[in-house]
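These notes concern the structure reproduced below.
The values are calculated or read from the model by the stated rules, or taken from the named source; none is laboratory data. Predicted, not measured: the structure shown is a model, and the values here were computed from it. No Cβ is skipped: glycine too gets one built from the backbone with ideal geometry, and neighbour counts run over all protein chains shown. Surface accessibility is based on the protein's heavy atoms, side chains included, excluding ligands, DNA and RNA. Shrake-Rupley method; radii C 1.70, N 1.55, O 1.52, S 1.80 Å.
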Amino acid sequence: IFTQSDSILQTHLAGTPLEERGIFLTQSPEGGVAVYIGLTRYNGIDEVPDQEIKAVIRAAITEWENKYTPGL
């Protein structure tokens with residue numbers, strides 16, 4: 001799930017000013033999503049302070065849900 005979501009996120013970031021910020025998603029030890037922006041780790045999307053980054057992450061996750069879990 002997280003690898004696929006991160007792949008979609010990287011597609012959304014490509015060619016934007018955010019691409020160079022080192023943003024990626026991974027699974028946290030607790031099983032949720034961890035967001036990295038450079039070397040800074042956030043435990044979940046809601047902890048990310050930048051609204052623009054939150055929006056692009058949410059768009060990528062929505063795209064993943066629509067592609068891999070349609071109708072759920």
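Measuring spread by the Cα atoms of the chain yields a radius of gyration and Dmax of 11.6, 36 Å.
Hey, any idea what % of the chain's accessible area is carbon plus sulfur with a 1.4 Å probe? Answer for the chain is 51 percent, counting heavy atoms of protein chains only. The local environment of SER28, defined by Cβ-Cβ distances under 14 Å, has a net charge of -3 under the rule Lys, Arg +1 and Asp, Glu -1.
The charge dipole of the chain, taken about its Cα centre with unit charges on the Cβ atoms of Lys, Arg (+1), Asp and Glu (-1) only, comes to about 80 debye. Rounded to the nearest 500, the helix-only mean residue ellipticity at 222 nm of the chain stands at -13500 deg cm²/dmol, with each DSSP H run of n ≥ 4 adding -39,500 (n - 2.57). Per residue, the accessible area of the chain comes to 64 Å², computed with a 1.4 Å probe over protein heavy atoms only.
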